[in-house]
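Student: Sharing a structure here in structure tokens format.
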Amino acid sequence: MATDTPRIAEQGVATLSDQAWERARRRAEIIGPLAQSETVGHAAADAAAQALGLSRRQVYALIRRARQGSGLVTDFAPGQSSGGKGKGRLPDPVERIDSVRQGGVNFRAELRSGFPGLHAQ
């Protein structure tokens, strides 16, 4: 049964804590007007940084996010980390499937550890 209702991709905002929502609301309140400006000088960015407890660089990143976003408070909700250096970006079950598919050698783990298992084979 097909529906004409478009699907909305949930981006983790449904499970945000009250503290995260308040932080996003506060950021939207301060950064929103700056994002509407064509240019944002250092003085305005520094004032926003001071009010939010952020660096100037972080303020400019939030301004860019606001300009590229939908204009909602959720534009300022914290994102989910991609894993960072040395962290798996795939869930463990997927890593295990990938390991089996590669003949039992977990190439991602081997890359992280400098190939000791590959040298032994």
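Student: If I ask for residues that are part of a helix (DSSP H, G or I), among the polar types (S, T, N, Q) and open to solvent by 60 Å² or more (accessible area, probe 1.4 Å), which ones from the stretch 23-76 would you list?
Tutor: The first filter runs over the stretch 23-76 and keeps only residues part of a helix (DSSP H, G or I), leaving 23-36, 42-52, 56-68, 73-76.
So of that shortlist, the ones also among the polar types (S, T, N, Q) come out as 36, 50, 58, 68, 74.
Across the stretch 23-76, the qualifying residues are GLN36, GLN50, GLN58, GLN68.
Student: Can you name the number of the only condition in (1) part of a helix (DSSP H, G or I); (2) at pLDDT below 85 that LYS87 fails?
Tutor: (1)
The values are calculated or read from the model by the stated rules, or taken from the named source; none is laboratory data. Just so it is clear, the structure is predicted and the values come from calculations on it, not from any experiment. These area figures cover heavy atoms from the full protein model, side chains too; ligands, DNA and RNA do not enter into them. Shrake-Rupley method; radii C 1.70, N 1.55, O 1.52, S 1.80 Å.
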